[in-house]
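Data block below; observations after.
The values are calculated or read from the model by the stated rules, or taken from the named source; none is laboratory data. Being a predicted model, the structure only gives us computed values, none of them experimental. Note: ideal-geometry Cβ built from the backbone for every residue, glycine included; neighbour counts use all protein chains shown.
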Amino acid sequence: MKFTLSWLKAHLETDAPLDDILYALTDLGLEVEEVINPMDTLAAFTVAYVKSAEKHPDADRLNVCQVETGKGVQQIICGAPNARAGIHVVLASPGVYVPGIDTTIGVGKIRGIESFGMMASEREMELSDEHDGIIELKGEPEVGSRFVDYLAEHSPDKIDPVIDIAITPNRPDALGVRGIARDLAARGIGTLKPMPVADVKGTFKSDIGVTIDGDVLEKGCPLFTGRLIKGVKNGPSPAWLQARLRAIGLRPISTLVDITNLFTFEYNRPLHVFDADKVAGDLRVHYAQGGEVLQALDEKEYTFDAGMMAISDDNGVESIAGIMGGMPSGCSDVTVNVFVESAYWDPITTAKAGRKLKINSDARYRFERGVDPAFTPEGLDLACAMILELCGGEVSKMVVAGAVPDVSRQYKLDTDRVQSLVGMSIDPADQVATLEALGFTVEGDQVTPPTWRPDVLGSADLVEEIARVASLTKLVGVPLPRTSVGVAKPILTPMQKREAMARRTVAALGYNECVTYSFIDQASAAMFGGGSDAVKIGNPISSDMSHMRPSLLPGLLAAAARNQARGFADMALFEVGPVFQGGEPDEQELIATGLLVGYTGPRDPHGARRAVDVFDAKADAEAVLSAIGAPAKLMVLRDVNDWWHPGRSGKLSLGPKNVLAGFGELHPKVLKEMGVKGPAVAFAVHIAKPPFPKNKGTTRPALKISDLQAVDRDFAFVVDAKVDALTLLNAAKGADKALIADASVFDQFTGDKAEAQMGEGKKSLAITVRLQPKGATLTDKDIEAVSAKIIAKVEKATGGVLRG
Amino acid sequence: MNGLDDLKAKYLGGIAAAKDEVALEELRLAAVGKKGEVALMMRGLGKMTPEERQVAGPAFNALKNEINSALTAKKAGLADAALNERLQSEWIDVSLAGRPRREGTIHPVSQVTEEVIAIFADLGFAVAEGPQIESDHYNFDALNIAPEHPARQEHDTFYMHRDAGDNRPPHVLRTHTSPVQIRYMEKHGVPCRIICPGRVYRADYDQTHTPMFHQYEGLCIDKNVSMANLKWVLEEFCRAFFGIDDIELRFRASHFPFTEPSAEVDIRCSWDNGQLKLGEGDDWMEILGSGMVHPKVLAAAGVDPEEYQGFAFGMGIDRIAMLKYGIPDLRAFFDSDLRWLKHYGFAALDVPTMHGGISR
């Protein structure tokens, strides 16, 4: 919302300096976004007098002028055709910034002759587009005086500051200059001037009548008023009106149109003017049937949907109600008879239609926030009075369809509650005075909001009005008491702790944390088991961000591809974030996913570098699971999802159903699709899935350590190549649970050479078993006995044999 | 006894000059071996008179000991020399890099979220979370944003697809973390103190906006909580978070449908050559929105607004991370550029705590 200071002062009697007004506006909740104050930008320009002007010896179009300035006579080279002796001019001395050419003036030499400043044109000072010559000042202004003071005297509108403020959606009243003035007056920045009274006496009945369909009258348009003015003379509006509109960025069109724009911004009262000679019959306000087409004033064609409000005459639709008028019945310079419309359009109906038609007009903006319904006829008369004054003509009696809707309502003012909520002492009398200054009626503790404040819908809104006028800047912080005495209790839930632990564990394993978008493209989502309509965004910002992700992998792979494109081939990336199995709020799960791409590190002189493989991913998955307290013994399942390498990936599972993590090499097709140069391995941990410990105690089970020496025994077995090492180990461990402390594979022999030695489809697995005696040192006999059991168990479980 | 002195001089000289263990062994055998000169001389003791023996015995022994000591010392010396020689030959170029080790990092969003949690935990605020695909009810209606309220349009909402025939209003990607307020109060009741950090979504993408970003919501409901308490909490937070004692905040009236009164909060700052400094200067920078929870919001969450009141506020996590750590571009937060992750990331073990400090 833009306005000028002088416009504001048309409604507000005040001597307050501009800065005080600006501060108050922002503090009141009418946030000042920009101020253009020529008094500041032009402050350094001064008045000067050209004593003489001689042609430049080396340039036909330049003059060498001797100029009397506030600091004596200076020599200035000037190229303006009107530069001549005997005129008063505007001077930019060296060091002055000239906004129109975005330059700070220096001392220069032009074709060998020094020049100490510049004489300015209007365009160079952004006063107008005038650039035919330098400004010639009228009268005998004092040499050396400020140019802005000259402007203040001769054309004050040129130094009128323009203020742009942001209006929150609850304040339609502040979309008019008068509403802004009222707020400032309530704050004590001056006095609100009385409302002008329109004395419009219609002398005849309007030729154009208005009806509102019954269903529209109920909600969409409870009131429509209009007057016909015959014999107007349209044309350019007066200079003051044009200046006002220009200052806020509007293009003057004609007096009639300019008046409607003026009222939109002065009183938050949008109006429409029909050329009465182009209206056939009466006007009818109705809901469109759908399909009606109108060329609107923005010269675009719009098609009505059923239920949008329209104003029609015998020729068809003439106006998109509350949003924009139509070209066919619009006013032009030759309009002689004008029908002025002032109606109240319902915010919701207007908003829906405006959004659907994608028209952002000043009228729509105001009606959908709520204009003052009671001001509808008054606004009409004020506008008609101005038309009569500026365009002449004769005005009809008012045409009224419907009636001013009753929006009166009362809320209780609890002055104590105000102080308790805000935490600031505000005298109850001041509270009442504030409300009254804003136009509220206060009777006892009952408060009636003014008709221009549709946003006030309860006692809490009264508190807000009082608080903002009193100024929240004055609020002084008051300590919030602690909830309990003593040492603060921890606040994280077990799951929250687990999330943080998972995140920091993966980072400690050398992965760089990423935060990638929750939405990805459909193809990537589909590749990872998602991409259905259930997770589709109805209005995506681009096709790359159309579906909620089913997995963190696509985002990380895309990140890897981007980094590879930048020349980084190897990386370890991870993310801890949500994935979405479906489109309902409860179909979201937190996952920790790590991705390893390329080699374990850069090339090095130690030979430490190797390609990442599935066991890197598995180890990291296990480290995360261990950190978040998952049980140590997990099943390794193989029926993996499609995006994994079918032979080189697995799932870590607690029982057959509760899968805690997946790990493995990514499917080469997936890598190709995602543009990642492999090898690439990954893990994904479902961090909420491992059961949370039930025991809340801190005591750990006693540690039992045997003083007796443990014995390690190695065995090698020949088994089928597809026998899982885990099966073999579990069998070995099961041979004597009391005695066997641990067993692990320390070597495997596979491939062609192994098969050549041990037979086709065979491999050898070498394990070491640690025997921990508890009662007495083991004898050779004991060891032999347990060895025999291990061999028997393993052979039974795997179908293998001890390697000879 | 001159013979002894000669012998001594001969062998000690020989030992000192010995070049290696073999020469040394030869000398040992020649001197103190079974058939060595000293041994032979000692055998002659038996033929001596007791008087002679009393003189010669200790002299022979002394000579023997002296030679043995010299042998031992020389042997150790030779071993040291040999070791030194070997070690000299084992020289390697220690200026070579160590074996490469990956260094992981924590994303600034995660780090700053933990910083915020640590500070508010000290003030007794718990952490609450909620879904990111959210119902129209929780994201808007329950927060006093009616369907046609202009504020809804200003939210640039992402709507989820709805199948034909499913007539529920489409779910949305939550546009703010405020729905968590309602969910939390519904489930846990009041009084309460919570913060709700997390991802939020708005259909906006330009220099300073990304369609996904992070916010945290603060909510404090009790019987006597006032806006003055809110100001104190925010001042304390900013002091702790930015690590600047003389932080100054300014409350400015504003409007949010879910709070009343509402205030935007500015922080005093200066811009010096594009460098932002908080707590000084004449500029004010908006950092958050806040207010007293609207009675309709409390009622929507099943809380009696006649009995309870309190404040709520919302702050951008990415934004305060940018301010605090001087990160220039929001879009880079979500680009996963390795160079960025390493430069702006935090060490894995660098957990922010109140006792160890919030800032890095």
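Structural remarks
- Residue within the range B:194-213 that is assigned by TED's automatic domain parsing to the domain that holds B:LEU330, of a type in the set (Gly, Ala, Ser) and surrounded by fewer than 16 Cβ atoms within 10 Å (Cβ to Cβ) present: no
- For the range B:156-174, the condition of being of a type in the set (D, E, K, R), surrounded by fewer than 20 Cβ atoms within 10 Å (Cβ to Cβ), facing chain A (nearest Cβ under 8 Å) and within 39 Å of the chain's Cα centre (by Cα) holds for none of the residues.
- From A:ARG498, A:ARG503, A:ARG562, residue being part of a helix (DSSP H, G or I), within 11 Å of chain B (Cβ to nearest Cβ) and in contact (Cβ under 8 Å) with a residue 24 or more places away in the chain: A:ARG503
- Strands (runs of 3 or more DSSP E) contained entirely in the range A:632-710, each with at least 1 residues that are farther than 28 Å from A:ALA559 by Cβ: A:635-637, A:644-654, A:658-666
- On the stretch given as the range A:42-58, residues that are surrounded by fewer than 17 Cβ atoms within 10 Å (Cβ to Cβ) and closer than 30 Å to A:ILE180 by Cβ total 1.
- Figure legend. Inter-residue proximity from the range A:1-12: first residues touching a residue at least 24 places away in the same chain (Cβ under 8 Å), second residues small (Gly, Ala, Ser) and surrounded by fewer than 18 Cβ atoms within 10 Å (Cβ to Cβ), beta-carbon distance below 8 Å, spacing 6+ or different chains. Indicated pairs: A:MET1/A:ALA166; A:LYS2/A:GLY249.
- Hits in the range B:232-248 (condition: more than 24 Å from the chain's Cα centre (by Cα), of a type in the set (D, E, K, R) and within 17 Å of B:GLY314 (Cα to Cα)): B:GLU235
- Any hit, the range B:111-127, residues being hydroxyl-bearing (Ser, Thr, Tyr) and modelled with pLDDT of 95 or more: yes
- Count of the range A:551-578 residues, restricted to those that are under 18 Å from A:VAL624 (Cβ atoms) and not aliphatic (A, V, I, L, M), is 5.
- For the range A:422-457, the set of residues classified as in contact with a strand residue (DSSP E or B) (Cβ under 7 Å, 6 or more places away or on another chain) and either closer than 17 Å to B:SER254 by Cα or of a type in the set (A, V, I, L, M) (or both) consists of A:VAL422, A:VAL432, A:LEU435, A:VAL447, listed by residue number.
- The conditions of being away from chain B (no Cβ under 14 Å) and more than 22 Å from A:GLU140 (Cβ to Cβ) are met by A:THR41.
- Which numbered condition A:VAL197 misses (of (1) touching a residue at least 12 places away in the same chain (Cβ under 8 Å); (2) under 27 Å from A:CYS384 (Cα atoms); (3) not in a helix (DSSP H, G or I)): (1)
- Test for B:ILE145: is it in a loop (DSSP other than H, G, I, E, B) and either more than 9 Å from chain A (Cβ to nearest Cβ) or acidic (Asp, Glu) (or both): yes
- Every residue from the range B:191-208 that is in a loop (DSSP other than H, G, I, E, B) and either aliphatic (A, V, I, L, M) or within 9 Å of chain A (Cβ to nearest Cβ) (or both): B:PRO191, B:ALA203, B:ASP204, B:TYR205
- Conditions (1) surrounded by 15 or more Cβ atoms within 10 Å (Cβ to Cβ); (2) at the interface with chain B (Cβ under 9 Å from one of its Cβ atoms); number of the one not met by A:HIS606: (1)
- The one condition in (1) small (Gly, Ala, Ser); (2) at the interface with chain B (Cβ under 9 Å from one of its Cβ atoms); (3) farther than 30 Å from B:ARG162 by Cα that A:GLY598 fails to fulfil: (2)
- Residue within the range A:526-542 that is more than 9 Å from every other protein chain (Cβ to nearest Cβ), among the aliphatic types (A, V, I, L, M) and buried (at least 21 other Cβ atoms within 10 Å of the Cβ) present: yes
- Residue, surrounded by the most Cβ atoms within 10 Å (Cβ to Cβ), within the range A:578-592, restricted to residues that are within 8 Å of another protein chain (Cβ to nearest Cβ) and not in a loop (DSSP other than H, G, I, E, B): A:PHE580
- A:ALA569 vs. criteria in the same structural domain as A:LEU625 (by TED's automatic domain parsing) and buried (at least 19 other Cβ atoms within 10 Å of the Cβ): no
- Residue among A:ARG178, A:ARG146, A:ARG187, A:ARG123 that alone is crowded, with 18+ Cβ neighbours inside 10 Å and out of contact with any Phe, Trp or Tyr (no Cβ under 8 Å at 6 or more places or on another chain): A:ARG187
- Filter result (under 17 Å from A:ALA611 (Cα atoms) and either in contact with an Asp or Glu (Cβ under 7 Å, 6 or more places away or on another chain) or aliphatic (A, V, I, L, M) (or both)) within the range A:565-588: A:ALA569, A:MET571, A:ALA572, A:LEU573
- All positions within the range A:118-170 that are within 14 Å of another protein chain (Cβ to nearest Cβ) and in contact with a Ser or Thr (Cβ under 7 Å, 6 or more places away or on another chain): A:THR168
- Qualifying positions in the range A:309-354 - on the phi < 0 side of the Ramachandran plot, part of a loop (DSSP other than H, G, I, E, B) and within 14 Å of chain B (Cβ to nearest Cβ): A:TRP345, A:ASP346
- Residues that are among the charged types (D, E, K, R) and in contact (Cβ under 8 Å) with a residue 60 or more places away in the chain within the range B:294-318 comprise B:LYS296, B:GLU307, B:ASP318, listed in sequence order.
- The range A:461-477, residues that are within 9 Å of chain B (Cβ to nearest Cβ) and buried (at least 22 other Cβ atoms within 10 Å of the Cβ): A:VAL463, A:GLU464, A:GLU465, A:ILE466, A:ALA467, A:ARG468, A:VAL469, A:LEU472, A:LEU475
- Some residue of the range A:718-727 being more than 60 Å from the chain's Cα centre (by Cα) and surrounded by 13 or more Cβ atoms within 10 Å (Cβ to Cβ): yes
- Meets criteria (outside the structural domain of B:TRP340 (by TED's automatic domain parsing), assigned to a helix (DSSP H, G or I) and either among the β-branched types (Val, Ile, Thr) or touching a strand residue (DSSP E or B) at 6+ places or on another chain (Cβ under 6 Å) (or both)) for B:VAL94: no
- Matching residues, the range B:91-108, being buried (at least 21 other Cβ atoms within 10 Å of the Cβ) and among the β-branched types (Val, Ile, Thr): B:THR105, B:ILE106
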